[in-house]
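The values are calculated or read from the model by the stated rules, or taken from the named source; none is laboratory data. Here the structure is a predicted model, which means the values were calculated and not measured. Cβ sites come from the backbone with ideal geometry, for glycine too, and all protein chains shown count toward neighbours.
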Amino acid sequence: MDLLEHVPATLDPTDRSAVPDEVVGRSRVWHILAHDPMFWVGATIVTLVVLGALLAPFIAPHDPLEQFRDAINAKGDPTGPSAEFPLGVDMVGRDYLSRLLWGARTSLLIGIGANVIATALGLLVGSIAALARSPRLPLPGRRSVGIPVESLLMRATDLWLAFPVLLLTIAVAAVVGPSVELVIVIIATTLWTATARIVYMRMVILRGSAFVEASRALGGSGPHIFWRHHLPNVSPLLVVYASLGIAATILFEATLSYLGVGVPPPTPTWGTMLADHIGRFVTDPRLVILPGLAITITVLAFNLLGDSLRDAMDPRSWGAR
């Protein structure tokens, strides 16, 4: 989009100094991304994975749960790639390509769902801690003493960070029973703490900045300042850490499924496919390598995308470009 479209009609359209700063910033971010090959590599792979997951019901050769007993030989070994089964079948005769495609749906559902919840919760807690630092919660029987909201929320965040997440997940799954919803909730309640601290530290800096003080002096209300100044400055950080968080979530989900406390079978996930066939690595490495490659490539793509976004959205790097 050309910057000249945003110049008021009363100004000289060739005067680039009249272009709003936020428009110049967006254009600079896109310029950096457009010339970053790692961004295009990550974006291309992520797009292909997302399309494969969304179109799985239409492009998967078979039902991921259907078993083809005739594809298992007399020794009980699955057949390799063929015209009917491009990537072969697994130990019980299910088409492996179909399970990989449907497994991408589950992994992305967990990754995106958990990060949306974690980002919203982290933004809420971090914003309240940074912007509601003056009000105090009264203690019973002591009218003049209270607990600062800022300290209360951030100490609770630090306390939650101290929990051993993997052990907590195993314990909860053993009591409640593993499910996709449980995995999403557990991962979301793990990731929000990092987001909350990032939002808190950024808003602590912003609340004393000159433009926020000027807006407050002009009569800007708290909600107006939050939506006009705080949120736009925090949003780039949330986008970057959410993209990196999706990669971490996919790995964590694979770990949980490998340990048997993630998504329950027969729902296909990449972690479950690894766990089910790790004992066949020597005799049929295809069953382990394919889901392992899917996890590795997807995580690498999201990391490349997140790193590129972080570099492009960091104003401190603009002067060197």
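Would you mind finding the one in Ala254, Ala294, Ala275 that is surrounded by fewer than 22 Cβ atoms within 10 Å (Cβ to Cβ) and either polar (S, T, N, Q) or in a helix (DSSP H, G or I) (or both)?
Residue meeting the stated conditions: Ala275.
With Val240, Val199, Val185 as the choices, which residue is modelled with pLDDT of 85 or more and either of a type in the set (Lys, Arg) or in contact with a Leu (Cβ under 6 Å, 6 or more places away or on another chain) (or both)?
After ruling out the rest, the residue left standing is Val199.
Taking the range 56-69 as the search range and keeping residues that are surrounded by fewer than 12 Cβ atoms within 10 Å (Cβ to Cβ) and touching a residue at least 12 places away in the same chain (Cβ under 8 Å), which one is nearest to Asp95 (Cα to Cα)?
Among those residues, the one meeting the criterion is Glu66.
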